[in-house]
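S.K.: Below is one structure. I have some questions about it.
Laboratory data are not the source of any read-out in this text; all were calculated from the coordinates shown. In this text, all values refer to a predicted model and were calculated from it rather than measured experimentally. Here the Cβ is made from the backbone with ideal geometry for all residues, glycine too, and neighbour counts use every protein chain on show.
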Amino acid sequence: MQLKVAPERMIGLAGLFTEVFRCNTYSMSTPQPKLTPRQTSELELKRVQERVLSVLIIGITAFPVGALIAISGVVVKQGRTGAGIALLGMCALIGMVAVGGAMAFRGKSPVTPLVLLGALPAAVAAFFIF
């Protein structure tokens with residue numbers, strides 16, 4: 001008995017069974033397709049590019065964070081403590097957005113506790129300023 005699955009090919013009943021259940025067999029014995037050397041090289045290049053861009057994202061946002069910390073120190077010394085706290089809050093927010101953006105670019109969820117690392121420079125600065 002032959003069943004028609006596609007217009008260009010005919011398969012038997014056993015072939016139909018394997019066609020239907022092929023995507024549902026996730027056993028350990030299923031061989032994984034091997035990557036060609038070119039595909040492996042492209043995959044490694046993509047990973048390196050993601051890492052470099054993540055470092056650039058965080059590095060570029062370090063300049064405004066540092067500037068806000070410096071300005072916050074000057075503002076607090078002038079006696080405007082509320083403005084200094086607001087500037088440190090903006091510093092923490094920018095840092096958290098930068099870490100979240102770098103994680104999102106690498107394909108990871110930006111909603112993790114690691115995003116709080118972006119607020120670390122602001123917390124350290126607040127310790128020394130106040």
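S.K.: Output the peptides 95-103, 67-75, 34-42 sorted from most to least packed, where packing is the average of other Cβ atoms within 10 Å over each peptide's residues.
M.R.: 95-103, 67-75, 34-42
S.K.: Quick check: from the Cα gyration tensor, does the range 87-130 come out rounded (a/c under 1.5), prolate or oblate?
M.R.: Prolate is the answer for the range 87-130, as a/c is 1.5 or above and a/b outweighs b/c.
S.K.: List residues of the range 56-94, by number, whose backbone nitrogen lies under 20 Å from a label position 7 Å along Cα→C-beta of residue 105.
M.R.: Of the residues in the range 56-94, 56-67, 91-94 have backbone N under 20 Å from the label point off residue 105.
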